[in-house]
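The values are calculated or read from the model by the stated rules, or taken from the named source; none is laboratory data. Just so we're clear, the structure is a prediction, and the values are computed from it rather than from any experiment. Because the Cβ atoms are built from the backbone with ideal geometry, glycine has one as well, and the counts that use them run over all protein chains shown.
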């Protein structure tokens, strides 16, 4: 389970929509394991295929080791609450850069597991925020696009200075 190189902002792959996973095989399981190791090494709490240059609808989330690993293949949001919550977000593709974003506090979503079985569940609070963030990434929406132009421009300038 090797850690793979992470694509860095502003790589255009981070703004490219992903294809649906249709084959649930050992190659998919290897991708999921590599994503988990890459995310842990980053470190981060969520990662998707595009973060390592694989444009497939695969999400791995691990809020904590105790909480366990969550794997979502082809996730899609079915419903989101009107009530929102603000949370500081960032990306493994833009380490050190964070900003507060408001998102729906609760969602209902559908996904498949690594065997291809379909599931539907609700998520609330931090988990809901993480899932929305990662699904945005699968849809080609990098988290910066959720910021106002002023905040986005300021953060990009700060990021460029940090990178040298």
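Summary table
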item	result
Total residues in the stretch 43-64, condition in a loop (DSSP other than H, G, I, E, B), in contact with a helix residue (DSSP H, G or I) (Cβ under 9 Å, 6 or more places away or on another chain) and on the phi < 0 side of the Ramachandran plot	7
Search result, residues across the stretch 11-35 that are touching a helix residue (DSSP H, G or I) at 6+ places or on another chain (Cβ under 6 Å) and surrounded by fewer than 13 Cβ atoms within 10 Å (Cβ to Cβ)	none
Single match in 132, 137, 145 (criterion: assigned to a helix (DSSP H, G or I), exposed (fewer than 13 other Cβ atoms within 10 Å of the Cβ) and on the phi < 0 side of the Ramachandran plot)	145
Unique match (being at pLDDT below 95 and out of contact with any strand residue (DSSP E or B) (no Cβ under 9 Å at 6 or more places or on another chain)) among 12, 2	2
Failed criterion for residue 75 (all others in (1) assigned to a loop (DSSP other than H, G, I, E, B); (2) under 18 Å from residue 121 (Cβ atoms); (3) in contact with a helix residue (DSSP H, G or I) (Cβ under 7 Å, 6 or more places away or on another chain) hold)	(1)
Count - residues of the stretch 114-129 that are outside any loop (DSSP other than H, G, I, E, B), touching a helix residue (DSSP H, G or I) at 6+ places or on another chain (Cβ under 9 Å) and either surrounded by fewer than 16 Cβ atoms within 10 Å (Cβ to Cβ) or in contact (Cβ under 8 Å) with a residue 24 or more places away in the chain (or both)	1
Any pair with Cβ under 7 angstrom, 6 or more apart, that starts in the stretch 1-19 at a residue that is touching a residue at least 60 places away in the same chain (Cβ under 8 Å) and ends at one that is part of a strand (DSSP E or B)	18/56
One residue from 54, 73, 107, 7 being surrounded by 13 or more Cβ atoms within 10 Å (Cβ to Cβ) and under 22 Å from residue 155 (Cβ atoms)	7
Hey, residue 97 closer than 30 Å to residue 157 by Cα and in a loop (DSSP other than H, G, I, E, B) or not	yes
